[in-house]
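Peer 1: Sharing a structure with you now.
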Amino acid sequence: MAYYVSKEESKASSSSAEMRQDDNVSIGNEHLTVHFDENGFMSSITVQGETHALKQNFLYYDGALGNNEEFRNRSSGAYIFRPNGTEKTVTDVVEIQVVKSDVVQEVHQIFNEWISQVIRVYAGQEHVELEWLVGPIPIDDGIGKEIISRFESDIKSDGAFWTDSNGREMLRRVRNYRETWELDLAEPIPGNYYPVTTKIVIEDEHQRLSLLNDRAQGGSSLVDGQLELMVHRRLLRDDRFGVGEALNETQFNTGLVARGKHWLVFGSSHIDTTPTQAAKERFLQNKVHLPSWIFVTASENFSFDQYLNEFEKNFTFLANPLPPNVHLLTMEPWKDDAVLVRFEHLFAKDEDPQYSVPVQIDVQDLFAGVDVISLRETTLAGNQWKEESKRMSYGLGGKEQTSPKQRNNNDQFLVEVKPMEIRTFVAHFERKLKI
């Protein structure tokens, strides 16, 4: 879609901003309300008429300084997270400013001179956006620090939480436990940290709390009802795992500033209604991690009337919309005038009664202005025809197995995509003749 943007004379704004420091601050919309306490911290959230405790704060761990000669005496560094003791608080009082308009409501928080945050609730949305700014991390005391954003809720998570596997399936984690061996954790904080590339979740039989992040971060649930994500690190000792220097990057003679976003989703954990909370998270995940690209060009040489008459304002290569639980992951030129196409199913099994089901796509009628004259499936990487691929059968004597040929209900252009499946095809197009 294309838009023409022009400058107008300033008008009275419907937004308002005010400095507040009381126990009656809240922002929200028709779906949720976020409340703040008298010290400026997020304190609770109201969803579907019910209010639940939900606190957020920034804390930090002091980085350990080891001699790097023993396995359990390593310094915290680029390759290892090893805190020296428990977390420390940043401040007891947060300075806040409230901004409200018809489109978005915000609370601007200043924790100290190197941590600030904007908490947003957009009109019509069922999530909370938290945009944080951390750094430069001070090291005047000679101690490196590892900064976390922590959320505390009233969810009875019973030691379990979930992290994503590269944005796809969710993996169940249990605090201080491994499925295949008896665990003896000498350092329970780093021993319960896991990579979080997209989402981390806790839930009980009633409620579910999810955090989506905009980059890979370490995360955990060290206490029932809590989630935390590490947002920034600055350390003063090399961990001797290969980098050969401390994790103390600087620019303009000072430490780096990190800026990012978290998206918070809170709601029912029940899966008997659709869309479930997990389904809402999947749709939000696809929206924030694969946003539309925005291009801007100067408009001095044409007027708004010319824009209306001469420029194509809307175009889509899809003749028909895809089902909401299927994503066109790849559409790129291939060799011999072919196109590489990937379809991915956004949902895992049993996440939603409506969307966690196989979906059939008629590729022949999917694209505008072209006919699909051939469609042949490849392996995921697109480097081998699917029917010719062979996989090792681990545990069955090392025999090779040929991949079973996918059948599309006797129609080569009818593609079925199952939950969490990604299917890759090489397609040849032929432009439709206009009559």
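Peer 1: Which whole-number percent is the relative contact order of the chain (Cα, under 8 Å, 6+ apart)?
Peer 2: For the chain, the relative contact order is 12 percent.
Peer 1: Tell me whether the chain comes out rounded, prolate or oblate; compute the Cα gyration tensor, take square roots of the eigenvalues as a ≥ b ≥ c, and use a/c under 1.5 as the rounded threshold.
Peer 2: Verdict is oblate for the chain.
Peer 1: Charges at C-beta only: +1 for Lys and Arg, -1 for Asp and Glu. How large is the resulting dipole of the stretch 74-201 about its Cα centre, in Debye rounded to 20? If you can, show how the numbers build up before the last one.
Peer 2: Working: 14 positive and 21 negative charges, 83 e Å.
My answer is approximately 400 debye.
Peer 1: In whole Hz and in residue order, list the ³J(HN,Hα) couplings for the stretch 41-55 that follow from phi through the Karplus curve 6.51 cos²θ - 1.76 cosθ + 1.60, θ = phi - 60°; x for Gly and Pro.
Peer 2: Running phi through 6.51 cos²θ - 1.76 cosθ + 1.60 with θ = phi - 60° gives 8, 4, 10, 6, 9, 10, 9, 6, x, 10, 9, 10, 4, 7, 10 Hz.
Peer 1: Val25's amide H: which non-local residues (gap 5+, or another chain) put their own amide H closer than 5 Å, with H modeled 1.01 Å from N in plane and none for Pro or chain starts?
Peer 2: Excluding prolines and chain starts, which carry no amide H, the hits are Phe36.
Peer 1: Each label point is 7 Å from the Cα along the Cα-to-Cβ direction; what then is the distance between the points at Met1 and Thr33, in nm?
Peer 2: Placing both labels 7 Å along Cα→Cβ, they lie 3.1 nm apart.
Peer 1: Out of Leu380, Leu284, Leu322, any idea which swings most in a Gaussian network model of the chain, alpha carbons joined below 10 Å?
Peer 2: Maximum among the listed residues: Leu380.
Peer 1: If I model a spin label at Asp140 and Gln360 as a point 7 Å from the Cα along the Cα→Cβ vector, what separation in nanometres do I get?
Peer 2: 7.0 nm
Peer 1: Something else about it: Could I have the simple spin-label model distance between Glu430 and Val93, label points 7 Å from Cα toward Cβ, reported in nm to one decimal?
Peer 2: The two pseudo-label positions are separated by 7.7 nm.
Peer 1: On to the next question. Using the Cα centre as the reference, give the magnitude of the dipole from point charges on the C-beta atoms of the chain (Lys, Arg: +1; Asp, Glu: -1; all else neutral), rounded to the nearest 20 debye. The partial results should precede the final answer.
Peer 2: Values: 46 positive and 67 negative charges, 275 e Å.
Dipole magnitude for the chain comes out near 1320 debye.
Peer 1: Cα gyration tensor of the stretch 153-304, axes a ≥ b ≥ c as square roots of the eigenvalues: rounded (a/c below 1.5), prolate (a/b > b/c) or oblate?
Peer 2: On the way: a/c = 2.63, a/b = 1.14, b/c = 2.32.
Oblate is the answer for the stretch 153-304, as a/c is 1.5 or above yet b/c matches or exceeds a/b.
Peer 1: Rounded to the nearest Å, what's the spacing between the alpha carbon centres of the stretch 43-67 and the stretch 109-136? Just the number, please.
Peer 2: 13 Å
Peer 1: Moving on. If each residue of separation counts as 0.36 nm, what is the full-extension length gain between Lys349 and Ala381 once their alpha-carbon separation is subtracted? Before the final figure, lay out each step's value.
Peer 2: Working: separation 32, 0.36 × 32 = 11.52 nm, distance 2.34 nm.
Working it through step by step, the gained length comes to 9.2 nm.
Peer 1: On to the next question. If I stretch the segment between Val103 and Val223 completely, what's the gain in nm (0.36 nm per residue apart, minus their alpha carbon distance), one decimal?
Peer 2: Working: separation 120, 0.36 × 120 = 43.20 nm, distance 3.60 nm.
Between Val103 and Val223, full extension yields 39.6 nm more.
Peer 1: Next question, about the same structure. Packing-wise, with mean Cβ within 10 Å as the measure, how do 48-59, 382-393, 118-129 rank, highest first? Please list the in-between numbers first.
Peer 2: Working: 48-59: 15.5, 382-393: 12.6, 118-129: 18.2.
So the order, starting with the most tightly packed, is 118-129, 48-59, 382-393.
Peer 1: Does the stretch 50-198 come out rounded, prolate or oblate, given a ≥ b ≥ c as the square roots of the eigenvalues of its C-alpha gyration tensor, rounded meaning a/c under 1.5 and, failing that, prolate meaning a/b above b/c?
Peer 2: Details: a/c = 2.37, a/b = 1.34, b/c = 1.77.
Note, shape of the stretch 50-198 comes out oblate.
Read the figures in this text as sums done on the coordinates, not as results from a lab. On a predicted model such as this, the values are computed, not experimentally measured, just so you know. With ideal geometry, Cβ positions are generated from the backbone for all residues, glycine too; neighbour counts draw on all protein chains shown.
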